[in-house]
Amino acid sequence: KEKITYHDPCFLGRHNKVYTPPREIIEAVPGTEAEEMHRCKNRGFCCGAGGARMWMEERIGKRINTERIDEALALNPDSISTACPYCLVMLGDAVAAKKGSGEAKESLEVIDVAQLLARSVALQRPPANGSDAAVAADAESGAAAAPPGDVTSAAEGQPTTTAEATGGHGASAP
């Protein structure tokens with residue numbers, strides 16, 4: 001089983017009190033096993049991007065994102081998941097630094113919980129062209145897991161927002 005630990009984003013978690021839905025997604029993904037970091041849910045720890053710190057270089061003490069990744073690495077996960085683009089960047093930077101110093105395994109990934117869901121949906125689809133390799137490639141990237149017209153189909157030239165679909169007027173015609 002793929003061992004996953006989930007990092008609670010400050011805004012989603014402590015500010016909006018959303019803790020269960022991302023964990024339910026991880027639990028629903030076949031072949032995964034979730035393990036909590038010691039600071040989680042309402043006692044979670046910031047990734048280091050909060051308060052616009054994402055754009056600051058910390059010069060004194062230990063970087064916040066490095067501290068958080070050390071907590072995750074203590075669990076020896078295969079993946080670290082979160083639900084915030086800022087957290088993805090901050091945790092990803094810290095994991096890259098840890099990989100560079102040999103403190104994290106090369107296979108460790110930081111992944112959005114939505115990507116985990118898309119990957120699992122893609123793995124459960126039957127091959128469209130009969131090719132298991134095509135399904136595996138889609139599953140790895142999460143490609144083709146979303147319905148047409150979703151954000152992921154922007155490359156197909158389809159509108160991804162109501163404004164684009166209505167020529168920028170915001171409401172669709174009846």
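The values are calculated or read from the model by the stated rules, or taken from the named source; none is laboratory data. Being a predicted model, the structure only gives us computed values, none of them experimental. FYI the Cβ positions are ideal-geometry reconstructions off the backbone, even for glycines, and counts take in every protein chain you see. Note: areas computed on protein heavy atoms with side chains; ligands, DNA, RNA excluded. Shrake-Rupley method; radii C 1.70, N 1.55, O 1.52, S 1.80 Å.
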Self-check item: Selection status of N42, in a loop (DSSP other than H, G, I, E, B), open to solvent by 50 Å² or more (accessible area, probe 1.4 Å) and in contact with a Lys or Arg (Cβ under 8 Å, 6 or more places away or on another chain)
Solution: no
Quiz item: Under 8 Å by Cβ, and 6 or more places apart or on different chains, what pairs join a residue from the stretch 110-127 that is in contact (Cβ under 8 Å) with a residue 60 or more places away in the chain and closer than 27 Å to M90 by Cβ with one that is assigned to a loop (DSSP other than H, G, I, E, B) and open to solvent by 80 Å² or more (accessible area, probe 1.4 Å)?
Solution: S120/P30
Quiz prompt | Residue check for I4: among the aliphatic types (A, V, I, L, M), out of contact with any strand residue (DSSP E or B) (no Cβ under 9 Å at 6 or more places or on another chain) and either outside any helix (DSSP H, G or I) or open to solvent by less than 50 Å² (accessible area, probe 1.4 Å) (or both) | solution = no
Quiz item: Any chance the stretch 27-36 includes a residue that's closer than 18 Å to P85 by Cα and either modelled with pLDDT under 90 or buried (at least 16 other Cβ atoms within 10 Å of the Cβ) (or both)?
Solution: no
Quiz item: Taking the stated definitions as given, is P22 modelled with pLDDT of 90 or more, in a loop (DSSP other than H, G, I, E, B) and open to solvent by less than 40 Å² (accessible area, probe 1.4 Å)?
Solution: no
Quiz item: When the stretch 89-111 is examined, which residues are found to be of a type in the set (D, E, K, R), open to solvent by 30 Å² or more (accessible area, probe 1.4 Å) and closer than 19 Å to C47 by Cβ?
Solution: D93, K99, E103, E109
